[in-house]
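The structure under discussion appears below in the form of structure tokens.
The values are calculated or read from the model by the stated rules, or taken from the named source; none is laboratory data. Just so you know, these numbers come straight off a predicted model, no measurement behind them. Reconstructed Cβ throughout: ideal geometry from the backbone, glycine too, with neighbour counts over all protein chains shown.
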Amino acid sequence: MSSPTQPRTYPHGVPCWVDTEQPDVDAATAFYGALFGWTFTDKMPPDAPGRYVVASLDGQDVAAIASPPDGSDGTPEWITYVAVDDVGATAGAVAADGGVLLSGPETVGPPGRMASVQDPQGARFRLWQAGTRLGAQRVNEPGTWNFSNLLTPDPNRALDFYGPLLGWELDPALGAGMFRVPGYGDHLAHTIDPGIFERQEFAPPGFADVAAGVAAVDGPARWDVAFSVADRDESAAAAERAGGVVLSTSENEWTREAVVRDPQGARPTLSQFAPQEWG
């Protein structure tokens, strides 16, 4: 029987963590602290060459803000990590599936091992083999990571890469916009969410296995990271007060969303779960 106090774990192929590398870590913590109510803990020694600051909500890890590697001059972005059982084996298969291994695998101390990857269409993400850092411990509620969505010009080509590498499937019964990891729902039911199937009785079979989203877009492929908020408009206004810019707003059958640009250039999505409320 699962316990509500047990840690959240992530099986192979399921996105498990998000972070962002920002030139001014203190400025980033000020922005996201004001936006989401996060508190922060530096995880690197004071004499380390860089910083890795873990964000928490009510004492549970939700995301992180890091300083960029030496020589990095790209625009900051939110990075999605995907859990794997063996980062060496998975990283070794990246090129065969058409992707590029950008760095690693490398051990980052007790937290775990990682590798940076670029998919065949240019979207970057990371593989994560957990050690002491299992992944985000609080999700899908205001102020926490909600979902990662692959924005790509060719979803079918993307599946040709992510399917063999991570075991992802696209099920027509769920619609074209949802990657599923078979067995993920069973994992949740046996660990931290015993009522998931009863709560999702309205949904088609396989809905509990959904692990990531995919959408066809023009332009370069990238991973978009969405955070839950209680009220899109209030959170968008809070982002502006903290120095961000609202780039766009949208509504659909289930959510009200805003894409914002933080003061250093990263573009998270703010997502309010509001089925039909916008109409």
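When you scan the stretch 7-100 for strands (runs of 3 or more DSSP E) that lie fully inside it, which ones turn up with 1 or more residues that are more than 24 Å from residue 244 (Cβ to Cβ)?
Values: elements: 15-21, 39-42, 52-57, 60-66, 78-83.
It comes to 15-21, 60-66, 78-83.
Exactly one condition in (1) farther than 23 Å from residue 147 by Cβ; (2) touching a residue at least 24 places away in the same chain (Cβ under 8 Å) is false for residue 66; which is it?
Among (1) farther than 23 Å from residue 147 by Cβ; (2) touching a residue at least 24 places away in the same chain (Cβ under 8 Å), the lone unmet condition for residue 66 is (1).
From 119, 154, which residue is in contact with a helix residue (DSSP H, G or I) (Cβ under 6 Å, 6 or more places away or on another chain) and more than 16 Å from residue 8 (Cα to Cα)? Walk me through it before giving the result.
On the way: 154 fails: in contact with a helix residue (DSSP H, G or I) (Cβ under 6 Å, 6 or more places away or on another chain).
Residue meeting the stated conditions: 119.
So residue 28 clears everything in (1) among the aliphatic types (A, V, I, L, M); (2) out of contact with any Ser or Thr (no Cβ under 6 Å at 6 or more places or on another chain); (3) buried (at least 21 other Cβ atoms within 10 Å of the Cβ); (4) within 30 Å of residue 170 (Cβ to Cβ) except one condition, right? Which one?
Result: residue 28 passes all but (4).
Which is at pLDDT 95 or above and under 16 Å from residue 13 (Cβ atoms), of 134, 170, 159?
Details: 170 fails: at pLDDT 95 or above; 159 fails: at pLDDT 95 or above.
When all the criteria are applied, what remains is 134.
State all residues of the stretch 31-51 that are modelled with pLDDT under 95 and either in contact with a Leu (Cβ under 9 Å, 6 or more places away or on another chain) or surrounded by 15 or more Cβ atoms within 10 Å (Cβ to Cβ) (or both); if no residue qualifies, say none.
43, 51
Of everything in the stretch 246-265 that's of a type in the set (A, V, I, L, M) and touching a helix residue (DSSP H, G or I) at 6+ places or on another chain (Cβ under 8 Å), which residue is farthest from residue 222 (Cα to Cα)?
Filtering the stretch 246-265 for residues of a type in the set (A, V, I, L, M) gives 246-247, 258-260.
The next check asks that each one be touching a helix residue (DSSP H, G or I) at 6+ places or on another chain (Cβ under 8 Å); those that pass are 246, 258, 260.
Working: 246: 19, 258: 17, 260: 16 Å.
Among those residues, the one meeting the criterion is 246.
Output the residues belonging to the stretch 122-137 that are farther than 13 Å from residue 16 by Cβ and touching a Gly at 6+ places or on another chain (Cβ under 9 Å). Steps first, please.
Step one: of the stretch 122-137, the residues farther than 13 Å from residue 16 by Cβ are 122-124, 132.
Across the stretch 122-137, the qualifying residue is only 132.
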